[in-house]
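A quick write-up on the structure given underneath.
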Amino acid sequence: MQDERDHKTEKLIKIGIIGNVDAGKSTLVSVLTKGIPDDGNGGARVRVLNYLHEQDTGRTSSIGQEIMGFTKEGKQIIPERFNQNKNKYWKDIVTNSYKIATLVDLCGHEKYLKTTINGLTGLTPDFGCVVVGANMGIQKMTK
């Protein structure tokens with residue numbers, strides 16, 4: 001029984017995506033999970049934001065979660081159609097996947113630091129991915 005549980009947990013991984021504001025965290029999460037390139041105007045980011053005000057300001061103020069599913073051979077499972085309702089396409093991904101990676105999209109603006117800390121401590125990611133904006137380098141919030 002214990003071996004089954006350990007084997008199952010190896011199939012699930014959670015990665016916290018952190019970094020400075022405007023580094024491209026939400027865009028990266030969207031491109032990786034949806035398999036659709038960004039249009040340069042925030043088209044990818046819009047697909048993973050939780051609230052309309054995040055789209056309007058361009059700043060993530062909440063904790064976002066997206067999943068990536070993989071076959072036994074390591075091929076990513078991408079649904080035919082994406083819907084803003086995660087319940088609809090997540091079911092397809094989970095049903096058809098051998099392994100699941102959850103990407104936790106965290107806030108980068110200092111104003112939302114408490115939310116980011118809550119996401120890191122409350123959701124306990126297995127790994128962290130620090131995104132550094134190529135146009136600005138390492139900033140105060142990155143550190």
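Tabulated data for the structure shown
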| item | result |
| --- | --- |
| Counted charge near Thr115, where neighbours are those whose Cβ lies closer than 15 Å (Asp, Glu -1; Lys, Arg +1) | +1 |
| Loop GluC sites (Glu not before Pro), segment 28-78 (other Cβ atoms within 10 Å of the site Cβ: 10 or fewer; DSSP) | Glu73 |
| Exposure proxy ranking, count of Cβ atoms within 10 Å, fewest first, for Leu52, Leu32 | Leu52, Leu32 |
| Pair Thr71, Tyr51: separation of 7 Å Cα→Cβ label points (nm) | 4.0 |
| Values of log10 I(q)/I(0), in the order q = 0.19 Å⁻¹, for segment 2-131 under a Debye, Cα-only, solvent-free model | -1.10 |
| Stretch gain in nm, segment Thr121-Glu80, where the contour uses 0.36 nm per residue and the Cα spacing is subtracted | 11.4 nm |
| Sequence of Met68, Met141, Met136 once ranked by neighbouring C-beta atoms within 10 Å, starting from the fewest | Met136, Met141, Met68 |
| GNM result for the chain, Cα springs below 10 Å: residue of Ile77, Ile36, Ile63 fluctuating most strongly | Ile36 |
| Reachable aspartates and glutamates, given that their alpha-carbon falls under 18 Å from the alpha-carbon of Lys11 and they are not under 8 places away in the same chain | Asp3, Glu66, Glu73, Asp92, Asp126 |
| Positive-end extreme of charge dipole, segment 2-131 - chosen from Ser26, Ser61, Tyr51 (charges on Cβ) | Tyr51 |
| Value at 222 nm in deg cm²/dmol, rounded to 500, when DSSP H runs of n ≥ 4 in the chain each add -39,500 (n - 2.57) | -9000 deg cm²/dmol |
| Candidates Asn50, Asn96, Asn41: whichever shows maximal mean-square fluctuation once the chain is modelled as a Gaussian network with Cα springs under 10 Å | Asn41 |
| Pairwise FRET efficiency - Val94 versus Ser61, Cβ, R0 = 30 Å, nearest 0.05 | 0.65 |
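We did not get these values from a lab; they are worked out from the coordinates using the rules stated. From a predicted model like this one, the values you see are computed outputs, not experimental measurements. No Cβ is skipped: glycine too gets one built from the backbone with ideal geometry, and neighbour counts run over all protein chains shown.
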